[in-house]
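Notes to accompany the following structure.
The values are calculated or read from the model by the stated rules, or taken from the named source; none is laboratory data. Being a predicted model, the structure only gives us computed values, none of them experimental. Methodologically, a virtual Cβ is constructed for each residue, glycine included, from the backbone with ideal geometry; neighbour enumeration extends over all protein chains shown.
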Amino acid sequence: MRVYNAYNDAALLVLIAALQADVTSILILVTLIEAVTSALPTLSETGGTVTTDGTEQNVYVNAAPLGEYNPICVTINCTAQTAGETIVIRQYYDNVPGGAGAILVDEVTYVGLISPEMLVIDLDPNRYGVWVTIERTAGVARAYIWDVHYEI
Amino acid sequence: MPKPTVWPVPNKRPFAINVGAASTQVVPAFLSRLTLVGVNIGTEVCYVSEGTPAIIGQGDAIYPYGSMHMDEHNLYTGVIYAICATGAAVLSCTEGSN
C-alpha cells in the first residue's frame, strides 16, 4: 500500500511559539528602553547678535521655563570690542514660583580689548528664569555675536 | 498472473471507520477488490496492517490528513486492520471493486 503523510510541523510550531514569546519579551524591553532614552535631555543651541546701545540689553533670556531647565553656557564673541569700549556682563536668576523677576547673581566689567576674545558664561540649572545681559558703559556701539547651549 | 486492474473501476464504495484503541477491521477480505483509498481525518496517527491484527507502531503509519492508496501495483484482497492509541483516528475510505 502506498502511504502519503502530511508534513509533521508540530515541532516547528513549538519552536515558532517559543520564538514569538521571545519576540514579545524583547518588544516589552525595547519599549521600556525607548521610554528612558526619550526622556534623556537633548543638547540644543540658539544665538544672535546684540549691538550695544549704551543701555543694559538682554543677550539671552529664558524668563519662564516650562519646568526645571538646564542651560549650559552663553558664549559672547568680543572680537568687535576695541580699546575704547567698556562692557558689563550681568547674570540674573529667578527662584520665585510664578516669577518675581531677575535677581542679580554675578556682574563682570571688561575694559578695552578683551583677551581671550570669547567670553563663556557658565549657567546653572534653574526653574523660574535666567538672564544674561550686556551693557556698554564706554565707547561706541559694537556688535557682539552670542549663542547659548542648553538641554531640553 | 493476469493484471488485476479493470479500467474503469465499475464499483466504488465510500465508507468511514472509527479506528479504536484495539485492532479494528477496516475492510474484510474481498476478492473483487480493485482499489482502496483511505485518508485519516482524525486527530492521531493510526497503524494499518494487511492480513493480521494491527499493532501500535507496526505496519503503515497514517498520520492525521495522511492517506493510503492501494491499486493494481500493490493490491491486497485480504482483511485490513487499523489501530490507534486513543481512538481518535478516523479513516475515510473508498473501496473500488469489480
Would you check if A:Gly99 is part of a loop (DSSP other than H, G, I, E, B) and on the phi > 0 side of the Ramachandran plot?
yes
Please go through segment B:51-79 and give me each residue that is within 12 Å of chain A (Cβ to nearest Cβ) and of a type in the set (S, T, N, Q), ordered by number.
B:Ser67, B:Asn74
Quick check on segment A:88-105: of everything there that is buried (at least 19 other Cβ atoms within 10 Å of the Cβ) and of a type in the set (A, V, I, L, M, F, W, C), which residue is modelled with the highest pLDDT?
A:Ile89
How many of the residues making up segment A:31-43 are of a type in the set (Ser, Thr, Tyr) and either in contact with a strand residue (DSSP E or B) (Cβ under 6 Å, 6 or more places away or on another chain) or at pLDDT 90 or above (or both)?
1
Given the structure, is A:Thr51 closer than 12 Å to A:Trp146 by Cβ and more than 22 Å from the chain's Cα centre (by Cα)?
yes
At pLDDT 95 or above, closer than 13 Å to A:Asn5 by Cβ and within 12 Å of another protein chain (Cβ to nearest Cβ): which single residue out of B:Val37, B:Val26, B:Val48 fits that description?
B:Val48
Filter segment A:106-121 for residues that are surrounded by 14 or more Cβ atoms within 10 Å (Cβ to Cβ) and outside any loop (DSSP other than H, G, I, E, B) and give the result.
A:Tyr110, A:Val111, A:Leu119, A:Ile121
Looking at (1) away from every other protein chain (no Cβ under 14 Å); (2) surrounded by 14 or more Cβ atoms within 10 Å (Cβ to Cβ), which one does B:Asn18 not meet, given that it meets all the others?
(2)
Matching residues in segment B:70-95 - criterion: being surrounded by fewer than 16 Cβ atoms within 10 Å (Cβ to Cβ) and under 15 Å from B:Phe15 (Cα atoms)
B:Ser92, B:Thr94
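For every residue, the table says whether it meets (1) surrounded by fewer than 12 Cβ atoms within 10 Å (Cβ to Cβ); (2) closer than 18 Å to A:Asp147 by Cβ.
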site	(1), (2)
A:Met1	no, no
A:Ser25	yes, no
A:Ile33	yes, no
A:Pro71	no, yes
A:Val74	no, yes
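Residues that are touching a strand residue (DSSP E or B) at 6+ places or on another chain (Cβ under 6 Å) and not acidic (Asp, Glu): list the strands (runs of 3 or more DSSP E) wholly contained in segment B:1-90 that include at least 3 such residues. Outline the logic, then answer.
Working: elements: B:11-19, B:24-27, B:33-40, B:46-50, B:60-62, B:67-70, B:80-84.
Answer list for segment B:1-90: B:11-19, B:24-27, B:33-40, B:46-50, B:67-70, B:80-84.
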May I ask you to list the residues in segment A:4-36 that are away from chain B (no Cβ under 14 Å) and charged (D, E, K, R)?
A:Asp22, A:Glu34
Determine the pairs where a residue that is part of a strand (DSSP E or B), located within segment A:1-29, has a partner that is not hydrophobic (A, V, I, L, M, F, W, C) with Cβ atoms under 7 Å apart, the partner being 6 or more residues away or on another chain.
A:Arg2/B:His69; A:Arg2/B:Asn74; A:Val3/B:Asp60; A:Val3/B:Gly66; A:Tyr4/B:Gly66; A:Tyr4/B:Ser67
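Search segment A:66-80 for residues being touching a strand residue (DSSP E or B) at 6+ places or on another chain (Cβ under 7 Å) and not hydrophobic (A, V, I, L, M, F, W, C), and hand back the single one that is farthest from A:Gly101 (Cα to Cα).
In this case the residue turns out to be A:Asn77.
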Residue, nearest to A:Ile152 (Cα to Cα), within segment A:45-75, restricted to residues that are at pLDDT 90 or above and of a type in the set (Ser, Thr, Tyr)
A:Thr46
